[in-house]
Amino acid sequence: MNSKQITLLSVAGAGGLAVLASYALIVKDYKNHDYWVGIPESSKRLFYVFWLLAAIGFVWYIVNQVVFPSQDKAGLFSHGSWIRPTIIGVILLCSLLWSIFVFMTFNKQWSKVWTSIVLVIVGLSTLLLLAGEAEAQAPWHRILGLMLFAMTTVLIDPVMWNSKFILYPTNK
């Protein structure tokens, strides 16, 4: 394994575990607040399916990058081997911050702006990954992994959940 693969695996592994650990705040507190911000039960079930698909897509993308590293001769990723791990690091850091910020919004009346901003950053960063892979002519299965991930990180969280969150009264 080369340094590019080790870096990517380290960022994804450590960041992914940190994101999972950060959800402990929400899981412990979910009976006190509606972190679903009024989203109907039927949509929740659909979101659970897409969360699972996003996790599978993200893991597939990372494993694929480690097992079959891309050459990155064109596009965004051709400008440096640090770009992909940095984008993934930003996605994971902002995902970790989301759980902290939403917890603080509900429990300490922090501004909703911080929670919304990190979701938008995750969505934009995911789009950068997808664009970079398209420019590098990545194989279809790598694109599919990112597309599964993007369903949650681009559409569900920063658009659908965020729109409900912005209007939801968090000081109940």
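Listing for the model above:
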| read-out | value |
| --- | --- |
| Subset of region 91-126 [among the polar types (S, T, N, Q) and either over 15 Å from PRO169 (Cβ atoms) or within 15 Å of the chain's Cα centre (by Cα) (or both)] | SER95, SER99, THR115, SER116, SER125, THR126 |
| Matching residues, region 49-95, being buried (at least 18 other Cβ atoms within 10 Å of the Cβ) and of a type in the set (S, T, N, Q) | ASN64, GLN65, SER70, SER95 |
| Residue within region 33-48 that is surrounded by 12 or more Cβ atoms within 10 Å (Cβ to Cβ) and in contact with a Gly (Cβ under 9 Å, 6 or more places away or on another chain) present | no |
| Matching residues in region 55-81 - criterion: being within 13 Å of GLY132 (Cα to Cα), in contact (Cβ under 8 Å) with a residue 24 or more places away in the chain and assigned to a loop (DSSP other than H, G, I, E, B) | SER70, GLN71, ASP72, LYS73, ALA74, GLY75, SER81 |
| Failed item in (1) assigned to a helix (DSSP H, G or I); (2) touching a residue at least 12 places away in the same chain (Cβ under 8 Å), with LEU52 passing the rest | (2) |
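Each reported figure results from applying straightforward, stated rules to the coordinates on display, with no laboratory input. All of these numbers come straight from a predicted model, not from anything done at the bench. Ideal geometry is used to build each Cβ from the backbone, glycine not excepted, and the neighbour counts take in all protein chains shown.
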